[in-house]
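Below is one structure; the comments refer to it alone.
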Amino acid sequence: MSRDFEVLVVGGGPVGVKTLVELGHAGVQAVGIEQWPEMWKQARAVHFDAEAMRSFQPIGLASQVSGLTTPMRHYRMENETGETLLSHVTGEWGPQAWPGENLFHQPEIDALLRAEVERLPDVELRLGTKLLEIEEDTEGVHCRVETPEGTQRTLTARWVIACDGANSTVREASGISLENLGVDDPWLVVDGRLHGTVDIEGDMVALGRHSRPALWLRLPGDRARIELKVLPDDDPDEIISPEGIARLSKGLLTPENFTPDRRSIYTFRARVADTWRIGNVFLAGDAAHQAPPLFGQGLCAGMRDVANLAWKIRLVAQGRAPESLLDTYESERRPHAWYWVNKAATMANLVQTTDPAIAARRDAHCRADPEAVCPPPAPALGPGLHLGQADPHAGRISAQPTLPDGQRLDDIVGSRFLLAVTPELLAGLPASVRTVLEDEPEIAVLSSPRHIRELLGAVESSAVLVRPDRYVLGTARTPAEVEGLLGLLPLGNGREPRRQMTRTEETAAQC
């Protein structure tokens, strides 16, 4: 069987390029195609949560990304009269060993990711290359593309990952419909540089003004963003002028204190694709889900898609796991993304109402119970490779301890499974299990109390098995339960899931 690549990634935005980087570090041959000949120089996404920051550790970019971000320190919501309805501190150092909320200028992140693709030997990004048709047969997925020179050729891959945005060509060609979870509303998004002071408190402020709902963001350096709801009587040409921006922002951003470099009207949507996989074609990022920006989870959700899918493709490509492992991508990720889209759509309805009576009821609700409109807790994955139905910790993102020497735990583990287990429980495993586990390169075993105490404390167990995407597969308290967890791992010859693990690795950190 002749294929050009193992994986073809459609789309050169941050999700698509991060997919290439993940695959490149995994040693999976991949190519990305992007129809635009140059990198988009204007910001779209501006926010990473702690989990997104953590996802850069296994690919060695965490320190560089950290240098391009600043923690978001404060979130606030106010109403028409300027009354603060809710206010809370954000960006604290959380259980994943990163600040909870982080702001950035997207072109800097895009450039970093593209530079990493250029450095890696097994992946490449072809700019100015447009997808025309996609077809799958027993030989692979065939993508007919148009090159920058205007010629056409066919690229064949084992898998295609569509990261080609909200107007996904792949999704449309595959006939995949979208579930609508909210109301479509046009908003004016203005990015630019401050060269004066602004009279507003908070790094992120939801301006719940029924006369003109808006969202304010103070970005790294001298950058700022304001998003303003477009109303039916607005003149599109007037509202994007400096004078229009000053009027709509009620004097917050004026020609004297702000120079815009992006002024764009786009529509807030709440959508989730009905299916995320057809054959060997997968959807990820905005191709699979779109959310209003109220909780900043749009790009974060795309990063989770990549983290979930990349390690599964690696194991299947290497013949270590069965093809059925890839079935867990949609079953795990779609419910998780649906949760965030639905929550963002609900919050958008609260913030962007233009009905004074609804706004008054919202204000009263916020005064009575401000916690009810705070960011919701992160959900668990949908059904898949974890024991979420029986284990309350399974299917949820694991904690990441900061070790006594200041190192983060993931920097020891890398892109492997982690079995954190007390010395007593490890010693209680049958000798045959411990013997065969010692050679498995896909699992790191840690039993040193100074490395695992915090992690085991978070799950209230004597052992925890964590996946390469740092989600908990399950917890255990007895040798038999540990063996049961190991038996769930999809490691083997690629034909059948193993009911007993073969090997594990004790890292130098145990010493």
Distance in nm between S432 and E135 label points, each 7 Å along Cα→Cβ, equals 5.2 nm
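Using the Kirkwood radius built from alpha carbon pairs, what does the Stokes-Einstein equation give as D for the stretch 114-171 at 37 °C and 0.692 mPa s, in µm² per second?
257 µm²/s
What whole-number value in Å² describes the accessible area per residue of the stretch 417-484 for a 1.4 Å probe? Intermediate results must be reported in sequence, preceding the final value.
Values: 2520 Å² over 68 residues.
Per residue, the stretch 417-484 has an accessible area of 37 Å².
Take R262, R277 and sort them by solvent-accessible surface of the protein heavy atoms, 1.4 Å probe, largest at the top. Mind dumping the intermediate values first?
Numbers: R262 30, R277 55 Å².
Result, largest first: R277, R262.
Given R₀ = 22 Å, FRET efficiency for R450-R73 by Cβ-Cβ distance, to 0.05? Could the numbers behind the result be given before it?
Working: r = 32 Å, r/R0 = 1.44.
Plugging the Cβ-Cβ distance into 1/(1 + (r/R0)^6) gives 0.10.
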In this structure, the FRET efficiency calculated for D355 and E238 from their beta-carbon separation, with R0 = 41 Å, to the nearest 0.05, is 0.95
Hits in the stretch 185-211: amide N under 18 Å from the 7 Å Cα→Cβ extension of E256, namely 193-200
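Beyond a 31 Å Cα-Cα separation, which of these cross-linked pairs lie in this structure: K41/K250; K18/K250; K41/K229; K18/K130; K130/K312?
Numbers: K41/K250 28 Å; K18/K250 39 Å; K41/K229 24 Å; K18/K130 19 Å; K130/K312 27 Å.
Over 31 Å apart, Cα to Cα: K18/K250.
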In nm, the gap between the two label points placed 7 Å beyond Cα toward Cβ at E483 and D405 is 3.5 nm
For L120 and I265, extending 7 Å from Cα along the Cα-Cβ vector and measuring point to point gives, in nm, a value of 4.0 nm
Taking alpha-carbon centroids only, the stretch 127-203 lies from the stretch 292-355 a number of Å equal to 16 Å
Given 137-147, 355-365, 152-162, the highest-first ranking by average Cβ count within 10 Å works out to 152-162, 137-147, 355-365
FRET efficiency (R367, V183; Cβ distance; R0 25 Å; to 0.05) is 0.50
The distance between the Cα centres of the stretch 65-97 and the stretch 16-58, in whole Å, is 25 Å
With the 8 Å Cα cutoff and a minimum separation of six or more residues, the stretch 1-121 has a relative contact order in percent of 29 percent
Given 197-204, 223-230, the highest-first ranking by average Cβ count within 10 Å works out to 223-230, 197-204
Restricting to Cα pairs under 8 Å and 6 or more apart, the percent relative contact order of the chain works out to 15 percent
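Order the peptides 122-130, 341-349 from the highest to the lowest mean number of other Cβ atoms within 10 Å of their residues. List each step's numbers first, then the result.
Working: 122-130: 18.2, 341-349: 20.8.
Most protected by this proxy first, the peptides run 341-349, 122-130.
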Per principal axis, largest first, the Cα atoms of the stretch 306-361 extend in Å by 60, 14, 10
Ignoring ligands and nucleic acids, Y266 exposes an accessible area, probe 1.4 Å, in Å² to the nearest 10, of 80 Å²
Expected field for W93, accessible surface area in Å² at 1.4 Å probe radius, rounded to 10, holds 150 Å²
At the level of C-alpha centres, the distance separating the stretch 445-464 and the stretch 391-412, in angstrom, is 9 Å
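Per DSSP H run of at least 4 residues, take -39500 (n - 2.57); add these up for the chain, divide by its residues and hand me the 222 nm value, nearest 500 deg cm²/dmol. Mind showing how you got there, number by number?
Working: 15 runs with 147 residues, N = 511.
Helices in the chain give a 222 nm mean residue ellipticity of -8500 deg cm²/dmol.
The values are calculated or read from the model by the stated rules, or taken from the named source; none is laboratory data. Given the structure is predicted, the values throughout are model-derived calculations rather than measurements. Glycine also receives a Cβ, built like all others from the backbone with ideal geometry; neighbour counts cover every protein chain displayed. These accessible areas exclude ligands, DNA and RNA; they are computed on the full protein's heavy atoms, side chains included. Shrake-Rupley method; radii C 1.70, N 1.55, O 1.52, S 1.80 Å.
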